[in-house]
Amino acid sequence: MAHPSADAPGTPVEWPSSDGRRVIFLLDTSSRLEQRLLQRWIQAQRPAAANDITTMPIPPSRRRRRRPLDPGLEAALATQDDPLLAPLRVAWFPGGENGARAARLSDLLTFGDPRDPGTLRQAWVHRRDPARSRVVVGEPAPLSDLRRRWQEAGGTDFALTTGLAEFVARQANLALERAERRLRGTRYKVPRFVYEDILGRPAFRGGSSRLAAQLGRTEDAVRRDAARYLREIAASHSPYVIDLSAHLIHLLYTRGYSEALHYDRRQLADIYALGQRAPLVFLPTHKSNLDHLVLQYVLHENGHPPNHTAGGINMNFFPVGPLVRRSGVFFIRRTFKDNPVYKFVLQQYIDYLVEKRFSLEWYLEGGRSRSGKLLPPRFGLFANVVDAYRRGKSDDVYLIPVSIAYDQIQDVGEYVAEQRGAAKEAESFRWFLGLIRRLRHNYGDIHIRFGEPLSLSKFIGPPVPGTESNPDERNLTVQKVAFEVAVRINRVTPMTPTSLVTLALLGHGDRAMTVAEVVKALKNLVDYVRRRRLPTTEALDLDTAEGAQRALDVLVQSGVVSAFTEGLDSVYTIGPDQHLTAAYYRNTIIHFFVNGSIAELALLRAAEAAPDEAAQEFWDEALRLRDLLKFEFFFADKDAFRRELREEVALHDPTWESALSGGSEVIHALVRRFKPFSAHRTLRPFLEAYRVVGDALERHDPAEPVDEAAFLATCLALGKQYRLQRRIRRAESVSKVLFATALRLARNRDLLDPGPADLAECRRAFAVEIRAVIRRIDAIDALAASRLAGLID
């Protein structure tokens, strides 16, 4: 029972080759009709030379009440000969060509899953259409082979049969699953006997024993807790629910988005081929509650097996929790660092999935991005998968970066409220109904892009079973893997018309613009995108009046942009209280412009230095800005960052490095050749938010600890004050999310906790550093205004 063996549609099922052995057919049946069909097949297909034939029932694999093991099976396995064990099952197929129809929502109103009919429906289906019931033969195996595998899997002595019967029945069911999967397709490749397999693994038993000794608890107590945690965590796939979920997902997302999901089928075919060789880990961005659902739908309609998807335990509410668990979601707690038994069970579950080559999925960022840009990765599940790989659970693992982009997002109003200080709404059935209601509007299209797969064997080297890695080295490896996935996601994230138009409008502050001015503001942006061949959702025509008008009309309809049409010309600006919404869309593509922004500011700093020191000052300032923004953006390592910066500036002037020694005027002329100017569009909101935090820290008593919640509330109030005073220019700078990241940077620089004698001076230096950068951003802003006014090219 090692490999699948089943007939293709329309071909007869072959009698297993026994090589003269006695044959024991293991019958997996859920009804008397199925028993009769299998016995009839045995009599009809039995070769003339086959004399010694035995049939033995095994507990049914279907949803009917499970029968205990037949005592005769243990007796049959205790014999001294070496019979061939061949599993048999009846598979039921829906109507349609070759029985290939998936379960539909209408099946809920009839008799349930057409592939798993009840006793009455079996009789009705068989009487009307006998071809819908097919005999499936799993790959047979000699008893001696099964005994050996049972021993290797942790069984007791060869002479003992206690436990062997359960192992044989389970292997029979697994062989039948593999055989039936060849008929139904790999989209129904789901694990069976998850609990039994994991709890019975030697690694699990040995690990739980060691854990019990470490914790000073009995092994039985630890294993009881472990079994309970495993049931809390593990997904319980149902092919029926997998099909129904696909229909429900389609109904849900098409309420608010176009029916066609935009992605490359050739990429999915390549990914499918990778999955035949090694386990896959899909790592999508998290912008919306629809992210997992649309990815699941895309994989399903392309014949991929369902992913095992990590979900927060907060989503395990009725009816969502039971439904998504049966379509592949496994639930994990938000925090469990003080629960070693739970951590052990989760690692064992990941080990099992990796070893069995089941696909995994989780959000790289952990939670939904409230700002629009990619958040720093969470390392927990990365560590579990890397550990499983390093311990040899698989020869390789492929990580699949996935970017999911939306023309507009129905959740963005919720994110804006949270950035302004509102509490996050707890997930519940009421919350779920609100999500459905918000999908009544037209939000445009959904775009899915797959980045270059990352092979763990190529990125971190071959597995090293039996060796203990240095914890610091292990953590660094996990961080590098997660970071590289994030970079690959950013690289394929497509630009939408919405993101580019909001980038242009926010770059001009509160000033309303005519369509012609919007086109002018977009022209250099669009040209830059084309020169760099950056990914887009469609062919860009935003540098034409028609294209810009179309994008503006969509944003006006959704309320993000406000139009004033009573004058001689219609003018457009970001709508009242919509700056954070517009910033969300802008931030989805902001990473493409960060290096250019840093280059602009570093050049201005170099212009302040002596000619013979300008080049060094340029690179020093670039690295200072990289460090200042390291918690906001994903930067390459220092050598790669230098290469990227050289390439960025060379887009505007290939001879730029020789200009650095030409003095202030030559460097300023170099800056003016940048098209577009970027720092005022991309970095100002972040640095203005950092300024609020820096100023608040400077005024905070260094002898008093910083209470994060209270301090963020202070920053929100101070940000509103600065905005009223025009000490900050962008309304979107007043954001709890940005303040929290700035506070994280301050903690990284040891600026929060009392203790250092020079804490006040260090905080002051931090605030001064930020204000100096903003002054240079002001200079870029002035240059952009001059270009818009026609004063410079």
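The values are calculated or read from the model by the stated rules, or taken from the named source; none is laboratory data. What you are looking at is a predicted structure, and each value in this text was computed from that prediction instead of being measured. Here the Cβ positions follow ideal geometry from the backbone for every residue, glycine too, while neighbour counts run over all protein chains shown. SASA here: full protein model, heavy atoms, side chains in, ligands and nucleic acids out. Shrake-Rupley method; radii C 1.70, N 1.55, O 1.52, S 1.80 Å.
A few comments on the model shown:
- Taking the range 600-655 as the range and being aromatic (Phe, Trp, Tyr), assigned to a helix (DSSP H, G or I) and open to solvent by 20 Å² or more (accessible area, probe 1.4 Å) as the test, only TRP619 passes.
- Residue count for the range 109-129, restricted to those that are at pLDDT 75 or above, part of a loop (DSSP other than H, G, I, E, B) and surrounded by 13 or more Cβ atoms within 10 Å (Cβ to Cβ): 5.
- Filter result (under 20 Å from SER133 (Cα atoms) and not in a loop (DSSP other than H, G, I, E, B)) within the range 56-80: PRO57, ILE58
- Only one of TYR415, TYR398, TYR389 that is closer than 22 Å to HIS292 by Cα and open to solvent by less than 10 Å² (accessible area, probe 1.4 Å): TYR415
- Residue-level check: of (1) assigned to a helix (DSSP H, G or I); (2) open to solvent by less than 50 Å² (accessible area, probe 1.4 Å); (3) closer than 30 Å to ALA785 by Cβ; (4) out of contact with any Lys or Arg (no Cβ under 9 Å at 6 or more places or on another chain), VAL481 misses just (3).
- Taken as a whole, the range 178-191 holds no residue that is surrounded by 15 or more Cβ atoms within 10 Å (Cβ to Cβ) and at pLDDT 90 or above.
- Screening the candidates LEU476, LEU456, LEU439, LEU435 for the property of being out of contact with any helix residue (DSSP H, G or I) (no Cβ under 6 Å at 6 or more places or on another chain), open to solvent by less than 40 Å² (accessible area, probe 1.4 Å) and under 21 Å from GLU365 (Cβ atoms) yields one hit, LEU435.
- Filter result (free of Cβ contacts under 8 Å to residues at least 40 places away in the same chain, closer than 23 Å to TRP150 by Cβ and more than 26 Å from the chain's Cα centre (by Cα)) within the range 194-214: GLU196, LEU199, GLY206, SER209
- Criterion (within 22 Å of TYR398 (Cα to Cα), touching a helix residue (DSSP H, G or I) at 6+ places or on another chain (Cβ under 9 Å) and surrounded by fewer than 22 Cβ atoms within 10 Å (Cβ to Cβ)) met by exactly one of LEU261, LEU268: LEU268
- Within the range 394-413, residues that are touching a residue at least 40 places away in the same chain (Cβ under 8 Å) and part of a helix (DSSP H, G or I) reach partners that are crowded, with 23+ Cβ neighbours inside 10 Å and of a type in the set (Ser, Thr, Tyr) with beta carbons closer than 6 Å, at six or more positions or on different chains, in the pairs VAL412/THR581; VAL412/TYR584.
- Condition check for PRO47: open to solvent by 40 Å² or more (accessible area, probe 1.4 Å), touching a residue at least 12 places away in the same chain (Cβ under 8 Å), in a strand (DSSP E or B) and not β-branched (Val, Ile, Thr): no
- Pairing residues of the range 357-371 that are on the phi > 0 side of the Ramachandran plot with residues that are assigned to a loop (DSSP other than H, G, I, E, B) and surrounded by 20 or more Cβ atoms within 10 Å (Cβ to Cβ), at Cβ distances under 8 Å and at least 6 apart in sequence or on separate chains, gives ARG357/PRO279; ARG357/SER394; GLY366/LEU375; GLY366/PRO377.
- Residues of the range 303-323 satisfying the condition of being in a helix (DSSP H, G or I) and open to solvent by 30 Å² or more (accessible area, probe 1.4 Å): ILE313, ASN314, MET315, PRO322, LEU323
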